[in-house]
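See structure below.
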Amino acid sequence: MQVTEEVALEHGLTKNEYAAIKSILNRTPTLTELGIFSVMWSEHCSYKHSRPLLATLPVEGERVLQGPGENAGAVDIGEGLALVFKIESHNHPSAVEPFEGAATGVGGILRDIFTMGARPIALLDSLSFGELDNPRTRYLLKGVVNGISHYGNCVGVPTVGGELQTMNKYKGNPLVNAMCVGFARHEEIISARASGPGNPVYYFGNPTGRDGIHGATFASEELGEDKEEKRPSVQVGDPFTEKLIMEASLELIASGCLVSIQDMGAAGLTCSASEMAEKGGLGITIDLDKVPQRAKNMTSYEIMLSESQERMLAVCQAGKEDVLHRILKKWELEPCKIGYLTDDKLFRVNHKSQEVACIPVHDVAEGAPVCEVSAEKPAYVQTMPTYNEGVSLESWQDALQRLVAHPHFASKRWIYEQYDYMVQTNTVVRPGQDAALLRLKDSDKAVSVTTDTNGYYCYLDPEKGGKIVVAQAARNCVAAGAQPLAVTNCLNFGNPENPEIYWQFQEVIKGMRQACQILETPVTGGNVSLYNETRSAEGKVEAIYPTPVIGMVGLLENVARYMTAFFKKENDGIYLVGKPSENLGGSQYLKILNGEERGPCPEIDLQEERKTQQFILRAIRKELFSSVHDVSEGGIMIALLESLLWSGKEWGALLQPDCSVKNRTAFLFSEIQSSFLVSVGRDKEKDFLEQADQAQVPVVYLGKVTEKPAICWEDDILHLAEMRSLYEKALENTVAQ
Amino acid sequence: MKAVIITFPGSNCDQDCLWALREKAGFDVALQWHRDSSLEKTDLVVLPGGFSYGDYLRTGALARFSPLMKEVIRFAQKGGPVLGICNGFQILLESGLLPGAFLKNTTLRFICRNVFIKAEHHDSIYTSAISKGAALDIPIAHYEGNYYADTATLKKIEEEGQVLFRYSDKDGNVTEKANPNGSVNNIAGICNEQGNVLGMMPHPERAVDTYLHSCDGLALFKSLYQSLK
């Protein structure tokens, strides 16, 4: 096939990019070369729209061992131990083929962790779907959960957390973001940086097929009406082979026979080979005839662009090949030497005795031109109606009853019980509560892990929303008693070429940047997923809410001091640590019950947030609390209900707030920030109040835990027996429709 | 007291069993790779949970052809204690060391949660230290744990006292509601006629310390330790 500008455009490249390629090569590219450039210069691999913004995020901190740029970030947790973690999206594949899309998302993020030399210890999944009132969305959710379950369970890494939000902005383009956390000793962490010209390059894992060709490009387009036709762009996962390559990779790294290792993820062999060479400032030559293939007569173009799963590329130290062979053979994997490193800084690909590509490594790996983008504040931001006291409200009892039956607030048990969240026997706080907590055997330490998002806030006010998502993730760690350490982020947005979308992106980053700085949780990596839009048959384009998903890890030095969110004792005092409000702007109350998007996004003061979080951590260490739960969506009311239901006891609460309350519904459902709902033993109350006063942290007495299974506020009574069954069954009943 | 845990490709509870047996139950533990040709001298063999060979073909169907399984079968036939947990139980069925078969859970979903199981009697090396009448709080995590046996087999294992564990409520009542996966007669674990081979779906190694919600799994390991002493 003759390469022309038209062919380049079909590959998703722009005219300018094609001109740049010709000038780099000083000739017309071969089709294989064009394919290589098109995937490496896609948004997914090159971050060409997002690089300048990402560069503004804080990436440094005392504990950061590895910031952005490697397969995953890493932080020091003391005693020579480290956490390695990352989050990644698999949105488009999951929208088309939910089971395999989600399964391979899990597979990919696992590989990012173990190629760093860390053993994966936890998986989390942040899911954003449309409302579950239609069969298509239910089918997608069931498929995604099943895919995650299938893959994670088989590999033996517990899925300990995540979230599900259901809002119609995600109907055509659901979000599936998978996070993995790994554990390593500092000296075990290995880089993807190649070194030593002449060192052999090995391929192991599954053979290469025609699946997933152009997956990276597919991830960088909006989803059109033809999305069903994109099915061949989705890969198929094989968790059994993943388990073998994981064990083999960790053993290879521990043996010291490797120089570097990289998985073949997005853009397959192309990306792994060129990035490894680029990081070491070297060249690489590979022979495609040596690449194991499961389809007949594959062209060089297909082999280079295949995204077949569970494939690894490793540079072995010359002279240690026998060690590599022995380990791979043990794990029933075939070592295939497919090439070697060179010092000519060229990426050379041979196939059937011909050179089919010869490209300067740097230009293909890092040379994607940054796209010109412009930002424009969308009109909706100004015209969005805001909450005022004229908005009619239901009684708090009726409101709670309806909210709890909505999948957004109902128990996620139907999801997490399909995941093995206990394997590896470290899960101290299980899914279904705030952050999950894992103890680290052979140490007193424990780590909290969480994913948090709120696309709706980010839509109403991207900057404030960006601050809130980071603060909320930190709050979840703090509620478990863990010091927030660092962030990995998955930035899900619409088409960045639309100035209004780019404005959302820019503002969200602005908010995240401030929060990460003030809360001292640097960003160690992540992933950008753009073009999350759907185009209807009539040509109407709808973007998702701007949705940054924050993955956070926190550290608890002494596992014995871990804290949970559920009430422990009758008669304990229930307090709000934070400032109450009666503003329902941005609340799920208005969104779900009144069916209206009404701002403003809740206010957040990051200094106040930091002060409150530090107070809570200190007070947990002093054992002042029986329980600590962060207040987030659904406000005080949802936090209170969860603290009651999660206790597993037939308890209730008597509310007698010591602040003035004009409207109980507004007070209970306002989504206040920088707040925690805590319960305090009567013998600790005095101490707690003094300490809060000293720390200048606002505290409101809300009431007490009672043995009567009802929430009572003077004459208002809500019985909990029915609430419990609504809460437990709502999601399962909805999905089973 | 020595235990050997056998790792198959795809086993993923081998390290959990190792930790529980070594740190919590006091065994000396060795991991052996399934391709090893000879079994180390040992007092106990454990076939751990996981997805040996990715559950391809049928759960446990391929693992039974592993070279070391021949040795394990010989060890069992000579009366050596063999404990198969979850996928290990499935391998024991496929190897013919235990009767019956597994179907998918009646919910047609993977189930991961704590359940209660009750020891049927205390005359076994696996149950002797379990308090009489106690229901043990132990997790399950499986997709194919719905035990099935034909009428004649079922009659035989029931009459011979080969059913060692049944799913129950927290008070030890064996009810339909307490059956998480549809297993016939609420069967959670069975042994062979001689009583030395036990297969069970629940994971005792996941209930061995206070950070794991329950320590009830220790009672089973203690029974073994004391009986084999």
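The values are calculated or read from the model by the stated rules, or taken from the named source; none is laboratory data. This structure is a prediction, so every number in the text was calculated from the model and none was measured. Note that each Cβ is placed from the backbone with ideal geometry, even for glycine, and that neighbours are counted across all protein chains shown.
Quick notes
- Residue check for A:Ala379: closer than 27 Å to A:Gly108 by Cβ and either touching a helix residue (DSSP H, G or I) at 6+ places or on another chain (Cβ under 9 Å) or of a type in the set (Val, Ile, Thr) (or both): no
- Which numbered condition A:Thr427 fails, given (1) more than 11 Å from chain B (Cβ to nearest Cβ); (2) of a type outside the set (Lys, Arg); (3) in contact with a Leu (Cβ under 9 Å, 6 or more places away or on another chain): (1)
- Every residue from the stretch B:112-126 that is part of a strand (DSSP E or B) and free of Cβ contacts under 8 Å to residues at least 60 places away in the same chain: B:Cys112, B:Lys118, B:Ala119
- Each residue in the stretch B:44-65 was checked for being in contact with a helix residue (DSSP H, G or I) (Cβ under 8 Å, 6 or more places away or on another chain) and within 23 Å of B:Ala30 (Cβ to Cβ), and 13 of them qualify.
- Look at (1) hydrophobic (A, V, I, L, M, F, W, C); (2) out of contact with any Leu (no Cβ under 6 Å at 6 or more places or on another chain); (3) not in a strand (DSSP E or B) and you find that A:Ile327 fails only one, number (2).
- Residues satisfying the stated conditions in the stretch B:93-105, i.e. in contact (Cβ under 8 Å) with a residue 40 or more places away in the chain and away from chain A (no Cβ under 14 Å): B:Leu93, B:Leu97, B:Leu98, B:Pro99, B:Gly100, B:Ala101, B:Phe102, B:Leu103
- Search result, residues across the stretch A:348-381 that are within 34 Å of the chain's Cα centre (by Cα) and among the charged types (D, E, K, R): A:Asp363, A:Glu366, A:Glu372, A:Glu376, A:Lys377
Conditions (1) β-branched (Val, Ile, Thr); (2) more than 14 Å from chain A (Cβ to nearest Cβ); (3) without any contact (Cβ under 8 Å) to a residue 12 or more places away in the chain; (4) surrounded by 16 or more Cβ atoms within 10 Å (Cβ to Cβ), marked per residue:
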{"position": "B:Leu136", "(1), (2), (3), (4)": "no, yes, no, yes"}
{"position": "B:His142", "(1), (2), (3), (4)": "no, no, no, yes"}
{"position": "B:Gly145", "(1), (2), (3), (4)": "no, no, no, yes"}
{"position": "B:Gly161", "(1), (2), (3), (4)": "no, yes, no, no"}
{"position": "B:Thr175", "(1), (2), (3), (4)": "yes, yes, yes, no"}
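- For the stretch A:294-324, a tally of residues being part of a helix (DSSP H, G or I) and touching a Pro at 6+ places or on another chain (Cβ under 8 Å) returns 2.
- Of all positions in the stretch A:256-272, none carries a residue that is surrounded by fewer than 24 Cβ atoms within 10 Å (Cβ to Cβ), within 12 Å of chain B (Cβ to nearest Cβ), in contact with a helix residue (DSSP H, G or I) (Cβ under 9 Å, 6 or more places away or on another chain) and touching a residue at least 12 places away in the same chain (Cβ under 8 Å).
- Flag if A:Glu417 is more than 22 Å from B:Thr210 (Cβ to Cβ), within 14 Å of another protein chain (Cβ to nearest Cβ) and of a type in the set (Asp, Glu): yes
- The stretch A:640-651: number of residues that are surrounded by fewer than 21 Cβ atoms within 10 Å (Cβ to Cβ) and part of a helix (DSSP H, G or I): 1
- Cβ separations smaller than 7 Å between residues 6+ apart or across chains give the following pairs from the stretch B:18-42 residues that are within 12 Å of chain A (Cβ to nearest Cβ) to residues that are basic (Lys, Arg): B:Trp19/A:Lys441.
- Among the numbered conditions (1) within 14 Å of chain A (Cβ to nearest Cβ); (2) out of contact with any helix residue (DSSP H, G or I) (no Cβ under 9 Å at 6 or more places or on another chain); (3) among the aliphatic types (A, V, I, L, M), the only one that B:Ala188 does not meet is (1).
- Residues being in a helix (DSSP H, G or I) and of a type in the set (Asp, Glu) - total across the stretch A:574-628: 2
- Flag if A:Lys729 is charged (D, E, K, R) and farther than 30 Å from A:Arg138 by Cβ: no
- Residue check, A:Glu507 at pLDDT below 95 and under 30 Å from A:Gly12 (Cβ atoms): no
- From A:Leu617, A:Leu590, A:Leu606, residue being aliphatic (A, V, I, L, M), assigned by TED's automatic domain parsing to the domain that holds A:Ala710 and over 26 Å from the mean Cα position of the chain (by Cα): A:Leu590
- All positions within the stretch A:55-86 that are out of contact with any Leu (no Cβ under 8 Å at 6 or more places or on another chain) and of a type in the set (A, V, I, L, M, F, W, C): A:Ala55, A:Leu57, A:Val59, A:Val64, A:Leu65, A:Ala72, A:Val84, A:Phe85
- Failed criterion for A:Glu332 (all others in (1) more than 14 Å from every other protein chain (Cβ to nearest Cβ); (2) in a loop (DSSP other than H, G, I, E, B); (3) over 30 Å from A:Ala537 (Cα atoms) hold): (1)
- Residues located in the stretch A:219-255, provided they are touching a Lys or Arg at 6+ places or on another chain (Cβ under 9 Å), within 17 Å of A:Phe99 (Cβ to Cβ) and at pLDDT below 65: A:Pro232
- When residues in the stretch B:219-229 are screened for being buried (at least 21 other Cβ atoms within 10 Å of the Cβ) and either within 13 Å of another protein chain (Cβ to nearest Cβ) or farther than 28 Å from A:Leu437 by Cα (or both), 1 of them pass.
- The set of residues from the stretch B:39-63 being polar (S, T, N, Q) and over 14 Å from B:Leu83 (Cα atoms) comprises B:Ser52, B:Thr59.
- Restricting the stretch A:448-474 to residues that are over 17 Å from the mean Cα position of the chain (by Cα) and not hydroxyl-bearing (Ser, Thr, Tyr), the residue that is nearest to A:Glu596 (Cα to Cα): A:Leu460
- Any hit, the stretch A:671-692, residues being surrounded by fewer than 20 Cβ atoms within 10 Å (Cβ to Cβ), touching a residue at least 12 places away in the same chain (Cβ under 8 Å) and at positive phi: no
- Cross-chain or 6+ apart pairs with Cβ under 6 Å, the stretch A:123-135 first and at pLDDT below 95, then β-branched (Val, Ile, Thr) and assigned to a strand (DSSP E or B): none
- The stretch A:444-459, residues that are farther than 16 Å from A:Ser126 by Cα and surrounded by fewer than 24 Cβ atoms within 10 Å (Cβ to Cβ): A:Asp444, A:Lys445
- Failed condition for A:Gln401, given (1) surrounded by 23 or more Cβ atoms within 10 Å (Cβ to Cβ); (2) of a type outside the set (A, V, I, L, M); (3) in contact with a strand residue (DSSP E or B) (Cβ under 8 Å, 6 or more places away or on another chain): (1)
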